[in-house]
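Taken together, the values in this text are just the output of simple stated rules run on the coordinates, not laboratory data. None of the values given here were measured: they were computed from a predicted structure. In this analysis, Cβ positions are derived from the backbone assuming ideal geometry, glycine residues included, and neighbour counts consider all displayed protein chains.
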């Protein structure tokens, strides 16, 4: 149980980091909002009660909803084994994709910096493929998922320490 | 005395011509042979150390050869501007190898005569000079650069080599590098490597959104230019055997794939289209083939591509990660890294994919093997107990020697003479994104003379060109 909570906290930190990373012009307001969003997602996953305020761009709404499901799964060092926690995140992603039959995702595979560039590209691909295979096994059409490996090129967390490396060994789903 | 062309002479295709006259000199060859035996002995000594203590990083000691390099003179017999530049470039090249010491010209007893007059050796022996390089360089009435040089063995008081030629002034640095190569060859017995270029990845921006561009420069860092804009992520450039093309990984349209870049025209071409990602390219020794990895469905295998037809042949078939392939210089073998045995290790196979054999058995993980242009050893990256190392081993995996270490050192590439390695070093990054400095370094394969290669911005993934044509 303690371990699970820790993973959840890590995932939240990660979400914040990802959001910052993907914002093209990371203005201060932009990153604050995304942190707030991931904050709500904790609330939603524990209390299952959220209200989305205004109906904005439907694509943005869908993105927000998908973020709540959990977009990122983490891996052990040099491993592409899905943990129980990762499987639950992917279960929710599969359910989301079944409920939104038009949605397609890009699954990015990543590695920490403690490996060589080319091997890490292969490792990132293996992680993305592991997550994709799980979604497909849960009934998602493989044609809706594109995988891409970034190796160690796009860390979610900056820093040369175990905490950052842990967050960077990941497969990250994004709505396409 | 015998006259004749030296091996890499006179092919300044783009900028000019430099022709050479070489002189055979038995006594010097013997001297060189002795020096060489001395170098080999040093190498063996450090090798023995490495075996008794696995993580010993070799640090060889070599007595540099003192040479006097006089400013090249103009028609009036006094040093010319171009002559000073040429002498400086030659001196910098030779000193950078760690094998030479350039005697300060302030110590010269008398200015040297013109290159066609025998020097007064009594003026040079007291300085301890083993070699004396003198030359002339000036711009003629048509604006062409005219260069002549003569290299003397001060000890035996004999001419070693001399030559000259004319060139476009824009080729001044190349002419100087070629002369430095001739000096290097006469005194070490090895082929020179100064008339070469480096392609690498220039890095800028925050750690999580790094902008990476292909960049290109002479081996001494001059004539730097960018080859890509930075709009697309690019990685792992590698030269073709003629240095006219570069194979690299390009994320254009978010589809990572191996591309070819024509250095002269700047044209790029995607090499084939695959269901998965293609990466880790390296040319075969004759330039007609390229090996790379294709990743699909979580497995990465090695494929060979016939460049003329873009047909591919699969060389490895395993559910593991097989990547970073590199041909032996005769094209008969391939070394690569694979995790098929559970952890990342080095393997060799014949270039048709048969006869796979694990060669690395030391502690830790092994990666990025690159076959030496001499064929006898393989350079690699090793990861052990949280540190990274650059090392070399024999092609059967014996005789491992570690040359450089750091928080992250990676991606060795060979100078064309197999004597010097270049790689990159990355410093750790703090939580706030400070640090992470990433620079190119080079080191003599005996493990001494590690030097930073200066680049305008952070730099990684170097590839050393062959000697230019």
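What the table shows:
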{"quantity": "Part-to-part distance (alpha-carbon centres) for segment B:276-293 and segment B:196-217, which is given in Å", "calculated": "21 Å"}
{"quantity": "Equivalent-ellipsoid semi-axes of chain B, from the Cα gyration tensor, Å, largest first", "calculated": "41, 25, 21"}
{"quantity": "Nitroxide proxy distance, nm - points 7 Å out along Cα→Cβ at residue B:457 and residue B:142", "calculated": "4.2 nm"}
{"quantity": "Packing-based exposure ordering (other Cβ within 10 Å, fewest first) of A:153, B:387", "calculated": "B:387, A:153"}
{"quantity": "Inter-probe distance in nm under a simple model that places probes 7 Å from Cα toward Cβ, at residue A:141 and residue B:296", "calculated": "2.1 nm"}
{"quantity": "Simple spin-label estimate for residue B:396 and residue B:211 in nanometres, 7 Å along Cα-Cβ", "calculated": "5.2 nm"}
{"quantity": "Model label zone, residue A:62; criterion: amide N under 16 Å from point 7 Å along Cα-to-beta-carbon; scope segment A:90-126", "calculated": "A:93-107"}
{"quantity": "Averaged over B:431-439, number of beta-carbon atoms from partner chains that fall within 10 Å", "calculated": "2"}
{"quantity": "Cα shape, segment A:61-175, gyration tensor, a/c 1.5 rule", "calculated": "prolate"}
{"quantity": "Ranked list, fewest to most other Cβ atoms within 10 Å of each Cβ, for B:62, B:291", "calculated": "B:62, B:291"}
{"quantity": "Cα gyration tensor category, rounded, prolate or oblate, for segment B:194-284 with a/c compared to 1.5", "calculated": "oblate"}
{"quantity": "Order of B:95, A:89 - criterion: other Cβ atoms within 10 Å of each residue's Cβ, fewest first", "calculated": "B:95, A:89"}
{"quantity": "Sum of -39500 (n - 2.57) over DSSP H runs of 4+, divided by residues of chain B (222 nm, nearest 500)", "calculated": "-4500 deg cm²/dmol"}
{"quantity": "Packing-based order for A:154-165, B:103-114, B:262-273, using average beta carbon neighbours within 10 Å, highest first", "calculated": "A:154-165, B:103-114, B:262-273"}
